[in-house]
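Presented below is the structure to which this report refers.
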Amino acid sequence: PKPRSASAEARDAAWELVRAAQAIDNPLAAYLPKSATFEARPRPGKAISSTTPPLRCQLECRRADDVSADDRDVIMQLISDNMSALYAESSWGWKEREKKREIFDDRHYFLLARRDSDKKLVGLANIRFDLDFNAPVLYCYELQVRSDCQGQGLGKFLLLSMQIMATRARMAKLMVTVFKANERTLKFFYDMRFKRDETDLGEQGENVDLDYVILSKTTSQ
């Protein structure tokens, strides 16, 4: 038989890693068994309001097809509140039905942050283990925090949780797509040491005018 190329063998090995990660029902419990609680801490030079108790949340992980109907409604409302205007101003447009179909694909997972005080869902990440240009990756499709809970570190906590999951699942990198117009979020990811991914057309020197950039951060394997 004809010997297989090194690139084909590398691709097969990458797929094995992705399939192994996809087979885990709860990657949060598998990779971060003791890191399910978030509590806001005062930032240097910035005290938390004395009239509002520090945000404290419990993090849970569910496969997309295991999310309750009520939680689905809350998730879609949160994404719409935070993102619909940015989508509407882009060439993509805001298409709620397509967004819902994307994030509730049965290959996706949700990290859900529930506030201790009232059990309300105040933050989320939507993720998927996948193969991207033959590299095993954890792709972040959504990272959202309710507007009244922003600025307390929950988004960073969710992102760091994803980074640990990607590393322990032996993914090559954590990836995300961000609108160029979303300057605050771009700064957040750059501050977290994300860079333009090699697959980003702008990074490849292509003369294209896109609404978004593809960012990534390699894992420490």
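Where a number appears in this text, it was derived from the coordinates with a stated rule and is not lab data. Remember, it's a predicted structure, so these values are computed and weren't measured experimentally. Every residue, glycine as well, gets a Cβ built from its backbone with ideal geometry; the counts of neighbours run over all protein chains shown.
Quick check on N134: is it of a type in the set (S, T, N, Q) and crowded, with 21+ Cβ neighbours inside 10 Å? So N134 does not fit the description; no. Taking (1) surrounded by fewer than 18 Cβ atoms within 10 Å (Cβ to Cβ); (2) without any contact (Cβ under 8 Å) to a residue 40 or more places away in the chain in turn, R170 satisfies each apart from (2). Apart from one condition, R196 fits all of (1) touching a Gly at 6+ places or on another chain (Cβ under 9 Å); (2) touching a residue at least 60 places away in the same chain (Cβ under 8 Å); the exception is (2).
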